[in-house]
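Structure first, commentary second.
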Amino acid sequence: MTPRRRRMVIVGAIFLGVATAVTLGLQGMQESMLYFRSPTEVLSGEAADGRDFRLGGMVREGSVERLTGDLEMSFDITDFENSITVRYTGITPALFGEGQGVIAIGRMEGNSVFRAREVLAKHDENYMPVEVADMLAQQQQPEELSTESSTN
Amino acid sequence: MRLWNWINKLASPPHFFRMAGTLTPWFLWPATALILVGAFGGLVLAPPDYMQGEGFRMIYFHVPSAYLSMMVYVIMAVSAAVGLIWRIKLAHAVAASAAPIGASFTVLALVTGMLWGKPMWGAYWVWDARLTSELVLLFLYIGYMTLRSAFDDTSKADRASGVLAVVGVVNIPIIHFSVVWWNTLHQGPTISKMDNPSITADMLWPLLTMILGYTLFFVAILAIRVRGEVLTREVRSRWVGEMLRESIDDKRVE
């Protein structure tokens, strides 16, 4: 084996060793690498009781209610199988709206209500001008076209 | 055989020094032009986004920075590996010169992301897999530079930091695929899905222009930095002495 060959093997071995270790480590931490839980996971008891966690999903259409002119509000987070009602007092980010992705940080209050202390809007990877978005909406559901208020 | 000769010639410091000096303007000026055109296209010509309004324009600075923060690391790691295996000093010089540039792009990516995150997500920072792995990238760059500066002997610094650079490259696929492998607050990929990018053409072209502009800018800055690095390393060599003497003679004639 030439010295150069040997160095090649050493560098390759170091790299492969670390890559394997990191892969195994990440596999082991799979659970905690997840940034949020879906309503289905929470309802099937995967989130710890009485501790803070992040609940993620879509804001169910027609579920946003602002209560009493205060900053108090409630909405449902759904993963299209199950949904959980969230209560929150505070200001929502610009991208918050019905049908939008959202992540709420807080804990369960009883069995069905989630009390959030922070609400984050999750943006998707789609970028388009307003006209294109309108066109797409018309193509998809011409009869359901509602004049929902823009979130911006 | 011809290719091998060419590589050997390229790797010779005086030849590289001269060639990099000649090439730098050929990268720097197109880069400046592309960045100006891309910024105008992105900030003025592109229509506002249907969800984010004007706020989406941060993408024109965030995505090129983030792309280069990873690209530069790969270049640094490959150079370091070439330096370790073939004992080419110029390769180590390239790796050492790339690190501060990559760290700067990483900081830019993080800062532009945070400024966008506050109004859009509602938070400057969250510890999701994408943001955390990009922060780890910054620490890798800083660690690489710190490790280098801990050695007085350049060839020892080359070897030790080279191993760190090669090992750290595992983080690059983690950053890229973090949004696919785990659920994150950060959105999924938009333009790397080559067949069907999730962005319309009038918003896409300024972004691609910016990415190309940033890349050429990086090459130009890298060339300038490697020249400096080569001079420092070869300060006692004959060709540097001759070059200095010539430039002094030129001054005298003037």
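Please label the shape of the protein assembly as shown as rounded, prolate or oblate, based on the square roots a ≥ b ≥ c of the eigenvalues of the alpha-carbon gyration tensor (a/c under 1.5 means rounded; beyond that, a/b larger than b/c means prolate, else oblate). Cα axes put the protein assembly as shown in the prolate bin. Computed over the stretch B:27-226, the convex hull of the alpha-carbon atoms projects to a mean area of 11.8 nm². Comparing B:Gly241, B:Gly117, B:Gly21 in a Gaussian network model of chain B (Cα springs below 10 Å), the most mobile by mean-square fluctuation is B:Gly241.
List the DSSP H helices in chain B whose Cα atoms stretch 18 Å or more along the helix axis and whose mean Kyte-Doolittle hydropathy is at least 0.5. Once both thresholds are applied, what remains is B:13-40, B:59-86, B:89-120, B:129-149, B:201-233. Computed over chain B with a Gaussian network model linking Cα atoms closer than 10 Å, the most mobile of B:Leu164, B:Leu68, B:Leu137 is B:Leu164.
Based on the alpha-carbon gyration tensor of the stretch B:1-95 and its eigenvalue square roots a ≥ b ≥ c, which shape applies: rounded if a/c is under 1.5, prolate if not and a/b is larger than b/c, or oblate? Since a/c reaches 1.5 and a/b is larger than b/c, the shape of the stretch B:1-95 is classed as prolate. Relative to the longest principal axis of the Cα atoms of chain A, the long axis of helix A:3-28 makes an angle of roughly 30 degrees.
Within the protein assembly as shown, how many Lys pairs that are eight or more residues apart, or on different chains, come under 22 Å at the alpha-carbon? Let's see the in-between values first.
Details: A:Lys122/B:Lys118; A:Lys122/B:Lys193; B:Lys9/B:Lys89; B:Lys89/B:Lys156.
Number of lysine pairs found: 4.
Relative to the Cα centre, the charge distribution of the stretch A:7-124, modelled as +1 at Lys and Arg Cβ and -1 at Asp and Glu Cβ, gives a dipole magnitude of about 520 debye. Between the alpha-carbon centres of the stretch B:110-155 and the stretch B:198-230 there is a gap of 20 Å.
How would the stretch B:126-254 be classified by its alpha-carbon gyration tensor: rounded, prolate or oblate, with rounded meaning a/c under 1.5 and the a/b versus b/c comparison settling the rest? Here the stretch B:126-254 falls in the oblate category. Comparing A:Leu95, A:Leu55, A:Leu26 in a Gaussian network model of chain A, where Cα atoms under 10 Å apart are tied by springs, the biggest mean-square fluctuation is seen for A:Leu26.
A simple packing score, the average count of other Cβ atoms within 10 Å per residue, orders the peptides B:60-66, B:129-135 as B:60-66, B:129-135, with the highest score first.
Note on the stretch A:35-124: antiparallel DSSP beta bridges, both residues inside, total approximately 85 percent of the bridges counted. Only one residue of A:Val42, A:Val64, A:Gly25 has its Cα farthest out toward the positive end of the dipole of the stretch A:1-105, where Lys and Arg carry +1 and Asp and Glu -1 on Cβ, and that residue is A:Gly25.
Any read-out appearing in this document is the output of simple, stated calculations on the displayed coordinates, not a laboratory observation. Source: prediction; values computed, not measured. As a convention, Cβ positions derive from the backbone with ideal geometry for all residues, glycine included, and neighbour counts pool all protein chains shown.
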